[in-house]
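The values are calculated or read from the model by the stated rules, or taken from the named source; none is laboratory data. Note that the coordinates shown come from a computational prediction; the quantities given were computed from them, not determined experimentally. Here Cβ is always computed from backbone atoms with ideal geometry, including for glycine, and neighbour counts include all displayed protein chains. For accessibility, only protein heavy atoms count, side chains too; no ligands or nucleic acids. Shrake-Rupley method; radii C 1.70, N 1.55, O 1.52, S 1.80 Å.
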Amino acid sequence: MDSADSDGRYLADTISTAVKIVIAGPLGVGKTTLIGSLSEITPLRTEEAMTQAGHGVDERVAGKATTTVAMDFGRITLNERRVLYLFGTPGQPRFFPMWQHLVHGALGALALVDTRRLDASFDVLGHLEDLGVPFAVAVNSFPSAPNHPPEVLRKVLDLLPQTPVMVCDARDRDSSAQALITLVDHLHTTAPETPQ
């Protein structure tokens, strides 16, 4: 019996494999938006209002009144047997210790970057490296953001030559999906061969 209902909240009984991708980045870079543009279910969001109590502790971004305090979660059914789970990390540095639990079992991460605040990405990328998570970098294209060629971003962000760098619009489903496809291609080409 199929356990899926008409709005797709439940998985079909044929699903036998789940894969996990993490969406990481600093505060206000578009992680919640990207997961929302891709998820077939209403995403789980843990957005909370930024208050005076966090002043001096939490990073602030102009025009942003909320912050993710635990994670975002979305789902994409890939085919009748596989489902992809998207886990979005909180962007505030004080929540970095939680990342080790969010990345556990993940194939890799898509690290979102905002060219208006490249310095905010250094700790995020370093943390992913420290956790041993393979990643690709997606520059979320904000209307007022400066455009830089991928080779310039690679140098400024101190990325390895094989790390993919692409531009995406987190609001656009097709653009976000292409960023995920680029990440998965990267993971496939860099995965260690399994002995036969």
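Exposure check, 1.4 Å probe, all protein chains in place: ILE41 carries approximately 30 Å² of accessible surface.
Note the full-extension length gain between ASP130 and GLU151 as 0.36 nm times their separation in residues minus their Cα-Cα distance, in nm to one decimal. Can you show the working numbers first?
Numbers: separation 21, 0.36 × 21 = 7.56 nm, distance 2.33 nm.
Stretched out fully, the ASP130 to GLU151 stretch lengthens by 5.2 nm.
For the stretch 64-172, the residue among LEU107, PRO143, LEU84 whose Cα projects farthest onto the positive side of the dipole built from Cβ charges is LEU84. Estimate the FRET efficiency between TYR10 and ALA191 by the formula 1/(1 + (r/R0)^6), using the beta-carbon distance for r and 35 Å for R0, to the nearest 0.05. Efficiency, from the Cβ-Cβ distance: 0.65. Here GLU80 and LEU160 are evaluated by their C-beta separation; at R0 = 41 Å the FRET efficiency comes out at 0.70. Per 5 Å bin, what is the whole-percent P(r) computed from every C-alpha pair distance within the stretch 83-165? Pairs per bin, as whole percents: 3, 13, 26, 25, 18, 11, 4, 0. Only one residue of LEU131, ALA120, MET98 has its Cα farthest out toward the positive end of the dipole of the stretch 95-196, where Lys and Arg carry +1 and Asp and Glu -1 on Cβ, and that residue is ALA120. Going by accessible surface with a 1.4 Å probe and the largest first, ARG171, ARG82 read ARG171, ARG82. In the context of the full protein assembly, THR89 retains an accessible surface of approximately 0 Å², using a probe radius of 1.4 Å and ignoring ligands and nucleic acids.
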